[in-house]
Amino acid sequence: MPLFVLRMISRPKLTFFAALLGAVVLITGPGELQAQSRAGDDSGYPFSWSGVTTYMVVVNSDGTSDYQSFAELTARLNQSPFRGHGIEALVVSAAMTELSLASASAGESEGSEKCAIAGKELDVTIGGATGFKDLIAASHSLGMRVALFEGGENWCGAEDAIAFNALREQTGVDGIIVNLAASEAGNDMAALRKADTEDDRLWIGAVFEDAEQIDTFEGMLWVDAAMNKSWVLPRESDDLALRNQFSRSVEFAVNHPDVSNIGMMSGTESFTINDLNSLLLQPGVIALHDGQVASDPATMEHWRILGSFRDKHPAIGEGAHEDISNDPYMFYRGLRIGPDVDEVLVVLGASGKVRLKVSLVFDDDTILRDAYTGKIAMVSYGQILLPAHENGVMLLEEVK
C-alpha cells in the first residue's frame with residue numbers, strides 16, 4: 001500500500017473563488033499525505049474558480065487593443081488558444097462610456113460619473129451590453145466563464161456593486177475584478193456582500209503592493225480573491241525558484257483560507273517553455289494575458305499539453321502539494337472531489353530514460369501515463385521506467 005493516506009477533509013460548500021485549496025498539506029504522521037477536498041458530485045469534476053486558468057483580453061475600438069469589438073472576440077472563441085489550451089475563464093477589460101442624461105437612472109447620486117461602473121455603460125462602438133451578452137453566452141456554451149476587469153481608480157463601493165449586479169442580470173457576466181489598492185470600496189460593501197446569497201458570485205480585489213495587504217479588505221466580507229501585482233512569478237524559474245513559489249502559495253493559503261491568490265508572470269517578453277512551466281503548474285488561480293505566449297509551434301504545443309493537463313486534473317490548481325524528490329525534481333498534487341480522488345506526479349528536469357520511485361503515491365501494478373509523451377508504464381517494486389521528453393517535463397497520471 002502507498003504511504004500517502006488520502007482522507008476526506010470536511011469543509012463548507014465553496015462559492016466561486018471562496019477559498020484557495022491549492023498547496024495546503026495536512027500531515028498526520030511520517031510519510032502520510034492527505035489530499036485536499038472539494039465539493040463535488042458522482043458525475044465527475046465540477047467547475048471551480050479556486051484553481052481556474054484565466055485568460056485576460058482587452059476590447060476597445062481605439063485600435064490599440066487585442067480586439068476591436070465583442071463580436072470579433074466571440075468569433076475567435078472556437079480557435080486556439082481559447083480552445084484546447086485549458087482556458088476556463090475569460091477576464092475582459094472593455095471600454096465604457098458615460099450614460100446619457102436620458103438613459104441615466106433617476107436615482108443616481110451626484111458624482112457617479114466618477115465611479116467605475118455606476119452611471120456608465122459598455123461602449124456601443126464595441127457592441128455594448130448586447131455584444132457582451134452574446135460573448136458571455138458563447139463562452140458559457142464552450143464551458144468558459146467570463147469576468148469583467150475594472151482596473152481604474154474610481155471604484156465607488158456599494159454604488160458600483162449595485163450597478164455591476166444590474167449588468168450581471170442584463171448580460172450574465174460571472175464576476176468582476178476591481179482595483180482595491182487605488183480606491184477603498186468602503187464598509188458598505190460588507191453589508192451588501194453579506195446579504196448576497198448566490199453561490200456563483202465572483203469578486204476579486206486587485207492589490208498592487210503586498211499580498212498581505214489583503215488583510216485590510218478581508219474584514220469587509222466581500223473579497224473572494226486577491227490579484228497581487230507585486231507577487232508575480234519570476235521568469236525562467238529553476239527548480240529551487242519553483243519550490244519557493246509553491247511554498248509561498250502554501251503560506252498564503254494558510255494565512256488567508258477564505259481568499260484566493262492569483263498568480264501571473266512578470267515582464268513583457270513572450271513566454272518561453274520554462275515560463276509556462278512556472279505559471280501553469282502554480283497552485284491556485286493563474287492569469288495569462290492575450291499575446292503573452294510565444295506563437296512558435298513548439299511553445300504553443302507545450303502550452304496545449306500543460307494547459308490541458310491542468311484542466312483535466314484540478315489537483316494541479318487546488319490540491320495538496322508535497323515535494324517527492326530532488327533529482328529530478330518531482331512533486332505530488334492530490335485532491336478529493338466528492339467520491340473521487342485526483343492524484344498526479346509532476347517531474348521537471350528529467351532527461352533520457354528515467355527511473356522514478358512512485359510507491360509513496362501509487363501501488364504496484366498501477367498503470368501510469370506520462371501525459372506529456374503519451375507513454376505508459378506499470379508500477380513494479382514501487383518504480384516506473386519511462387523516457388522523458390526533451391523539454392524535461394513528465395506529467396504522470398493513473399490510467400483508469
Report task. Find the residue count for the stretch 377-390, including only residues that are within 29 Å of the chain's Cα centre (by Cα) and either surrounded by 20 or more Cβ atoms within 10 Å (Cβ to Cβ) or aliphatic (A, V, I, L, M) (or both). Result -> 1
Query raised in the report: So is Val57 among the β-branched types (Val, Ile, Thr), surrounded by 16 or more Cβ atoms within 10 Å (Cβ to Cβ) and at pLDDT 90 or above or not?
Result: yes
Query raised in the report: Has the stretch 74-85 got at least one residue that is among the hydrophobic types (A, V, I, L, M, F, W, C) and either at pLDDT below 90 or in contact with a Phe, Trp or Tyr (Cβ under 6 Å, 6 or more places away or on another chain) (or both)?
Result: no
Report task. Could you list, in sequence order, all residues of the stretch 254-299 that are within 14 Å of the chain's Cα centre (by Cα) and either under 19 Å from Val92 (Cα atoms) or at pLDDT below 70 (or both)? Result -> Val259, Ser260, Asn261, Ile262, Gly263, Met264, Met265, Val285, Ile286, Ala287, Leu288, His289
Query raised in the report: If we scan the stretch 163-180, do we find a residue that is surrounded by fewer than 21 Cβ atoms within 10 Å (Cβ to Cβ), at pLDDT below 80 and either outside the structural domain of Ala287 (by TED's automatic domain parsing) or small (Gly, Ala, Ser) (or both)?
Result: no
**Report entry** Residues (more than 10 Å from Phe70 (Cβ to Cβ) and not in a loop (DSSP other than H, G, I, E, B)) located in the stretch 114-142
**Finding:** Lys114, Lys120, Glu121, Val124, Thr125, Ala137, Ser139, His140, Ser141
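The values are calculated or read from the model by the stated rules, or taken from the named source; none is laboratory data. It should be emphasised that the depicted structure is a prediction, and the values quoted were computed from it without experimental measurement. Cβ: placed from backbone, ideal geometry, glycine included. Neighbour counts: every protein chain shown.
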